[in-house]
Each structure stands twice: as structure tokens, then as C-alpha cells.
2 protein chains.
Amino acid sequence: MDKIRIGFIGIGCRGQELLKAVILPQGMEVTAVCDTYADRAECGAELVEKAGRQRPHVYTEYRDVIDDPAVNTVIIATAWESHVEIAVASMRAGKAVAMEVGGSYTLDQCYELVETYEATKTPFMFLENCCFGRREMMVLTMAEQGLLGEIVHCSGGYQHDLRKEIAYGRENRHYRLRNYLSHNCDNYPTHDLGPIAKILKINHGNRMVTLSSTASRAAGLEAYIRDVKPDDAFLRGRRVAQGDVVTTVIRCADGSTILLTLDTTLPRYYSRGFTVRGTKGMYEEATDSVFLDCPEHRAHDFDWLSKCARNAKEYEDQYDHPLWKQFLSDGVQGGHDGMDWLEFKEFFRALRENAPMPVDVYDAASWMAVTALSEMSVARNGAVVDMPDFTGGKWHLGMGI
Amino acid sequence: MDKIRIGFIGIGCRGQELLKAVILPQGMEVTAVCDTYADRAECGAELVEKAGRQRPHVYTEYRDVIDDPAVNTVIIATAWESHVEIAVASMRAGKAVAMEVGGSYTLDQCYELVETYEATKTPFMFLENCCFGRREMMVLTMAEQGLLGEIVHCSGGYQHDLRKEIAYGRENRHYRLRNYLSHNCDNYPTHDLGPIAKILKINHGNRMVTLSSTASRAAGLEAYIRDVKPDDAFLRGRRVAQGDVVTTVIRCADGSTILLTLDTTLPRYYSRGFTVRGTKGMYEEATDSVFLDCPEHRAHDFDWLSKCARNAKEYEDQYDHPLWKQFLSDGVQGGHDGMDWLEFKEFFRALRENAPMPVDVYDAASWMAVTALSEMSVARNGAVVDMPDFTGGKWHLGMGI
């Protein structure tokens, strides 16, 4: 692609942040903006103008963006439920897609995403920014270099107290509220699963085979509403469907296991709990520590934590990912500690070079499917469900899908 | 019981430690010692004599201890597999029992333990020392006082790199080796489950309903043997049955969930990962932190961890359990940071006062059953299994079982 001309769809909180902190500062041309709420669409246009660029076309229907000949690339930052529909329409129109994260409530959608990509070969990138986190990429590098031995188990979580965002969902026109009232599943699996899937080579020699999800009861959000919004006539006494903590266990073809936690409606500090366990060592986000199987580490066993916690910094010089080394020397920019900047830089690079997308449609389908599968499993009290292979049997061939 | 006269069965590593650091320093009378290995039995006798006491009777058959009229209380610290057989024989002979921890590979054994207790009413205590840990008791106190709100989810693990102990099991006559070669399950669930069960009032108004366990492949111990014992003719090339990480999810009658991790054959630092989540707050061992739902904590959300980690100390003055407050003022003694001392003090007190045991036969049966159930579930790739109610329906009545 010679000149990338962006139609940006979905100008809520996330969309505004991406425009302001990443897309416009990277010098990209935004030719159209769109939101179903006209005020938000206008806000997007103003952000573009404030950056000294030409006013973009402004739409409230995503199909108008896709039909606009001034657009050749669509970025999707709408509510979860509409991501796939818009991405599929874009790909069919031959317009490259970068799609924000979220789970999928149906397997159909995941298949549709893959089938549309395979039929059209339109470039598609899944915007899983945590795959571009500094620690995630450092640990990926350590794993690829064999420092952690055979990787046997990984865990992570989306552990974020979102009670306020959810409880004020009607005031803020936020999609989480309606989903928490009606669904019970791991509704947001990709921030934790993405970096783990890269390390375990999911769809590139390995695949996820079965899943089991168990939800605790839903108490946190209801208690919050009683405390903080006792006079909200819509929410008062309403039952929340979404369990506070959803624990998901995944078995992979190579015998490794993945533990995912969705934990968004109880008081806690933010953490993705990224943990990688191998026969030679581990990384753990909770203590930001690398524990290697060397005599010095074994020696202080019981008091290792008090001596060595947060030692992962010591490994940065040697094991920071090349992308991050460059990023640090250029100067880290953009939101979420630079992850957003890097993911778009890589998306635009792949688009220009017609190179494989760093987070592709098979990644998207297999990670998003966790939501649909976990909803099935939770409804059956944790029953094991089979996970589809979206690569059509090509997962074991490695990188060349 | 007027005068406690102890027959101590099982003088391996744990038995010696208990005699030396707890039983003899507490001034208890040990009238018999026993181990199937004569040298270990003799070692027990010497420990008693070295403490300036009369030489105990020395046996290699546990039945001789139970038959000995000089013994009215039996302490069992043998290999896992023999615990229940010895405890049942003791209770039948009317001799009080304190039984060390470990899982049970069959449900039959768990039922037998309960049925024998109910038939004989011989005092029985399960030696789950972690129920007496300072933090565990502090968090129990906080939970009981409502500081954490409704408790919705708890997690914990037995996370201990035991590769050396296991791989040298033949040299050290240790029972873990044979079990790791033949079983695949959460073989040691009670250190993590015990304190959680107390907080969730299991068997006292709540009960565990279903369980699902998933094992990763077994790679850690085999890699260790290749590296460290390449010339061991017995172990070379031998397949280990026990997966490196076993993840167990339990659903309780009140809708709360429990996550347990067995993690003993990969390099790591020691941790029981004790975590309690309520609608008003959390405790987390990994960061030794209390996070409460108050505006100050919400305010720094993203950087809370770097500001507040290891803040649990600040809650000790107010929330240390009364037993621990007394213990600290008397001076903490004994192994495992004082837990062992306290559990035996409480056992002997209950025995003398004919009071309910702090960790009773229903606790033992329901916690030990996790091993048998997890083995069933792992063999079926994580299938959900039902958990028996060992109280015969009395769990919902509360404390008065």
C-alpha cells in the first residue's frame, strides 16, 4: 500500500485516545471518522483538525466509511459486539482492517472473520496491544532463546476494577454494562491470552485443544451499585449475570496449560498477572521477577522473594526485544506505556511492506473464541468444551499458514 | 484427658522436626516412637532421651504403638498413603489422633475416616499447620469482621520446587518419588485449601460442590533428572506421571469459587499464593498486600502496587488473631514460623478440655478428597466431578456438626 488513508470507526474513550496519542502523532492521514453518536463523530473530526490536518469526512454509519473512496484502511474501535461485522464488511470491500480487541460471543463470528480473510486476503490486524508490552516481549525473547527451558504452563488475567465504568455505563454510553447484565463468561480474554499464545506458538506449531471456565457468583457490582448508586432506578435491585471472577483453564496440543482470569468487579489494583513457567525458569508479573534454575537462586529458596523481587529490570539490557531497544532509543511515546504506539507502527509497516501481520486473523479468531467457549462452559458449571482449529489443520505447519 | 502420653509414628524428616522443635519443647510426654525403618525409630528414641526424658518404647510396627497401654494419643507423620489406616486403627482403639497432612487417593479412605470418628468419637485432629499461619489467621479475622465484604473467590497453591527431594527419593527413602511416578493429581491440596476452607466456612454453612482439575504435561522432573542424575539407572529415561502444574477449580454451594495450584517440579521460589477476594477488599500473599475498597486505594489504582506492596504488616496490630497476639507476646517458637507450635498447642488444649478440634475429621475428609477427585478429573482432561458431602447433610447447619 503506497499511501495509507484511514477511516476511523468508533470515537469513544478508546478511539479518542488512539487518535490523539498514536494515529495523528505518527503523522497518519485520517480521511474519515465515524461514530453512531454524532457528537462523538464530530469530536473525532475536531481532533484531526486540531492536529493541523484537513477536516475528515464525518459519518454515523460505518458502511459510509467503507464506501468512501478516500478511505483504504479502516480502524475499528467500536463496542465489542460490532467489531466483526465491520471488519468483515471492510475486508469484503478490500479495505485493510485494524480491529480493536474484545471477545466474541459466537463461534460463527470467529469463523466468518477467518473465512472472509481467506476469501479476500485483505490485510487484517488484531489490535492486541499487550503483545507489544515491554515485559511481554522481553519474556518472549527469553523464551525463544531457550532461557526458560521448555514452557509448560502460563497464566494471566484481565484484573481491573471496572465497577465504576460499568455502573455508569448508561451515563457514559458504555457497552460493558449491557454485557455484564446479560452474559457470564471471560468477556475480555485477549490481553492475557495474546502474549501467552505468542510464547506457546499457538497456531504456529501448537494449538489450544480444550477449555473449561468456572464463574464465581456475581456480588461485586451489585454491592457497588447498592453503595454508590442507591437511587439509580434502572440498576436498583437488578441482578448482574457476570460472575466476579471467571477462571478459565486451557489445554494445548503440546500438553502445556494456560490459566486465564477475568476479574473486573471486585476491588483490586490493576494487573495482567502475566506468568510464564518453564523447565529452566519463570517470569512472574506480580513480583516482576525472573527466577532462573541456577544454584544461586536455589540457594536462598525460602527468602528469595524478599531478596530478589522486581529483579526483571536486570534482564532488560540483554533481553529487551529488538523492537523495544529501538523504541527506547527513539523515545517511548503513546498510551499504555508505549504498547499502542508500537502496535500501530508495526501495523502500518506491515501494510506498507505487504508483510504478514504481527497479530493476524487466526490469532484473533482463536483468542476471541475463548469468550464464546467460556460462556458455554460456565453455563454448564465448568464442563470441558473443545476448541475449534481456525487454521483448518495448518497449525502444526508452523509460521507459514 | 488428664495426662497426654504420646506414641509418635513416623520419624522421617517431618517427624524428627516435630519432636525436636515442638512436641518435646512443649514438655509433652512421649512414651513410644515408631518407624518402619529401625534406624529412624531409634533416632526418635534418642531425640526423646536427649531432651532429658525417659527412653520411650521403640517399635517398627504401628500396631504395637496402638496396643501399648503407655500410649493414649497417637501422632502420625508417616508416608501419605498410610495416614488413614493408622488413624482409623487408633480411633478404633480409643486413642486420640493427630494426623499429618497429605491427600487421599481414594474417597473410600475419606469416608472411613469420618465413619470411624462418628462410630468411636475418639478425638481426631488434622495437622494442617497452615491454618495456624499468622497471615492466614489475620485474614480470617479480617474476613470474619466483615472488612473484606462478601468473600467471592479465593486462591492458593502448594508452589514448592521439590525436584531434588523427589529425584533423590530412593536415596532418602521418601514417598514422593513413587507417587510422582504413578499418580497425576493435586497430591498435596491441604496447605492451600485449609485456610481458604476456614474463610469460606466449608462444612460450617457452606460446602464444596464440584471440582475440575487440569494437569500440564510432566517435563520438569524428567529434565532435572537428565541434568542432575544422568547416571541413575532406575530413573534414566523413566516417564513421570505427575504433571508439573495441576490447576484445580472448585465451586462452592454459596457460589464462591476456589482456585488451587500444585506446582512442585519446576524451578520457582516457595509460595502458597494465599489470596482472598471479597466485595470490599482483598488479601494477596504474592505482594503481602491488603487492598481495601476505600477512596485512597482507588485513587492511585495503576501505581498502587509500587506504592503499597507488602502493606499487610500495617494491619497486624489491629487484626492479628488473638491466638497470635498471645503467641507473639509469649515469644514465637517452633518450625514453619511458629505454625507447628500453635497447631499442637491447640491440639493438646482441645484434648485436655475435651473441646472440638480446631481442624476436625470433616475438614480432613473434605480437603484430602481433593486428591482423589482431582486424579479422576485429570484423567478425563479436566471433566467436572461432584464432591461428596462428608457431613451427611449437616454442613448447612453451621458449627454444630
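The values are calculated or read from the model by the stated rules, or taken from the named source; none is laboratory data. Bear in mind that the values here come from a model prediction, so they are computed numbers and not experimental data. Backbone-built Cβ (ideal geometry, glycine too); neighbour counts: all protein chains shown. Keep in mind that these areas ignore ligands, DNA and RNA; they rest on the heavy atoms of the full protein, side chains included. Shrake-Rupley method; radii C 1.70, N 1.55, O 1.52, S 1.80 Å.
Over the whole of B:277-283, what's the average partner chain Cβ count within 10 Å per residue? Rounded to a whole number, please.
On the way: counts 8, 6, 13, 5, 3, 5, 0.
Average per residue, whole number: 6.
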task = Whole Å is fine, so just give me how far the alpha carbon centre of the stretch A:251-315 lies from that of the stretch B:66-87.
result = 40 Å
key: Exam field: A:G237 pseudo-label spacings to other copies (7 Å along Cα-Cβ), nanometres   = 7.3
query = Taking a quarter of the surface of the Cα convex hull of chain A, what do you get in nm²?
reply = 20.4 nm²
task = Would you mind working out the magnitude of the charge dipole of the stretch B:284-401 relative to its Cα centre, with +1 at each Lys and Arg C-beta and -1 at each Asp and Glu C-beta, to the nearest 20 Debye?
result = 300 debye
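Average partner chain C-beta neighbours within 10 Å, per residue of B:247-260? Show your work: numbers first, answer last.
Values: counts 11, 1, 8, 3, 6, 2, 0, 3, 7, 5, 10, 3, 7, 0.
Mean inter-chain Cβ contacts per residue within 10 Å come to 5.
Answer rounded, prolate or oblate for the stretch A:247-335, using the Cα gyration tensor with square roots of eigenvalues a ≥ b ≥ c: rounded when a/c is under 1.5, else prolate when a/b is larger than b/c, else oblate.
On the way: a/c = 1.41, a/b = 1.04, b/c = 1.35.
Rounded is the answer for the stretch A:247-335, as its axis ratio a/c remains below 1.5.
Calculate for the protein assembly as shown the 222 nm mean residue ellipticity that helices alone would give, adding -39,500 (n - 2.57) per DSSP H run of length 4 or more and normalising by residue count, nearest 500 deg cm²/dmol. Before the final figure, lay out the partial values.
Numbers: 32 runs with 300 residues, N = 802.
Rounded to the nearest 500, the figure is -10500 deg cm²/dmol.
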ask   = Once amide H atoms are built 1.01 Å from N in the peptide plane, which residues 5 or more positions from A:G157, or in another chain, come under 5 Å H to H?
value = A:T261, A:G273, A:F274
task = Report the calculated FRET efficiency for B:E61 and A:E296 (r = Cβ-Cβ distance, R0 = 35 Å), to the nearest 0.05.
result = 0.20
ask   = Taking every residue in A:97-105, how many Cβ atoms of other protein chains lie within 10 Å of its Cβ, on average?
value = 0
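For B:E144 and B:E85, FRET efficiency with R0 = 45 Å and r from the beta-carbon atoms, rounded to 0.05? It would help to have the intermediate numbers written out before the result.
Values: r = 36 Å, r/R0 = 0.80.
Efficiency for this residue pair is about 0.80.
Looking at the square roots a ≥ b ≥ c of the eigenvalues of the Cα gyration tensor of the stretch A:185-309, which shape do they give, rounded for a/c under 1.5, prolate if a/b is larger than b/c, or oblate? List each step's numbers first, then the result.
Values: a/c = 3.47, a/b = 1.64, b/c = 2.11.
Since a/c reaches 1.5 but b/c is at least a/b, the shape of the stretch A:185-309 is classed as oblate.
About the Cα centre, and with charges only on the beta carbon of Lys, Arg (+1) and Asp, Glu (-1), how big is the dipole of the stretch A:209-353? Nearest 20 debye, please.
Details: 19 positive and 24 negative charges, 132 e Å.
Roughly 640 debye for the stretch A:209-353.
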Pairwise FRET efficiency - B:R310 versus A:S329, Cβ, R0 = 41 Å, nearest 0.05 = 0.75
Spin-label proximity, A:H396 to the stretch B:199-240 - amide N less than 19 Å from point 7 Å beyond Cα toward beta carbon = B:217
message = Give me a comma-separated list of calculated 3J(HN,Hα) values for the stretch B:16-28, in order, Karplus coefficients 6.51, -1.76, 1.60 applied at θ = phi - 60°, integers in Hz, x for any Gly or Pro.
response = 4, 4, 5, 4, 5, 9, 10, 5, 5, x, 7, x, 7
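Which order do the peptides B:172-183, A:99-110 come out in when sorted by mean C-beta neighbours inside 10 angstrom, highest first?
Values: B:172-183: 17.7, A:99-110: 21.4.
With the highest mean Cβ count within 10 Å placed first, the list reads A:99-110, B:172-183.
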inquiry  = Working only with C-alpha atoms, what are the Rg and Dmax values of the stretch A:272-401, expressed in angstrom?
reply    = 19.6, 52
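Which chymotrypsin sites (Phe, Trp or Tyr not before Pro) from the stretch B:214-278 combine a DSSP loop assignment with at most 14 other Cβ atoms within 10 Å?
Working: sites: B:Y224, B:F234, B:Y269, B:Y270, B:F274; in loops: B:F234, B:Y269, B:Y270, B:F274.
Counting only loop positions with at most 14 other Cβ atoms within 10 Å, the chymotrypsin sites (Phe, Trp or Tyr not before Pro) in the stretch B:214-278 are B:F234, B:Y270.
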query = Kirkwood Rh, Cα Rg: Rg to Rh for the stretch A:5-128?
reply = 0.95
query = Ballpark to the nearest 100 Å², how much total accessible area do B and A bury together, probe 1.4 Å?
reply = 4700 Å²
key: Inter-label distance for B:R170 and B:R239, nm, one decimal - labels placed 7 Å from Cα along Cα-to-Cβ   = 1.9 nm
ask   = Where in the stretch B:100-126 does the label zone of B:H336 land, with the point 7 angstrom along Cα→C-beta and an amide N cut-off under 13 Å?
value = B:100-103, B:126
note = Among B:K20/B:K121; A:K280/B:K313; A:K164/B:K307, the pairs whose Cα-Cα distance exceeds 28 Å are B:K20/B:K121; A:K280/B:K313
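Ordered by packing density, taken as the mean number of other Cβ atoms within 10 Å over each peptide's residues, highest first, how do B:117-129, A:6-18 rank?
Values: B:117-129: 20.5, A:6-18: 23.5.
In descending order of packing, they fall as A:6-18, B:117-129.
What percent do you get for the relative contact order of chain A when only Cα pairs under 8 Å and 6+ apart count? Before the final figure, lay out each step's value.
Working: 833 pairs, mean separation 86.2, N = 401.
Taking the mean separation of contacting Cα pairs over the length of chain A, I get 22 percent.
Sorting check: for B:46-55, A:78-87, A:236-245, which peptide has the highest mean count of neighbouring beta carbons within 10 Å, and how do the rest follow? Write down the numbers at each step before the final one.
Numbers: B:46-55: 14.2, A:78-87: 20.3, A:236-245: 18.5.
Descending packing order for the listed peptides: A:78-87, A:236-245, B:46-55.
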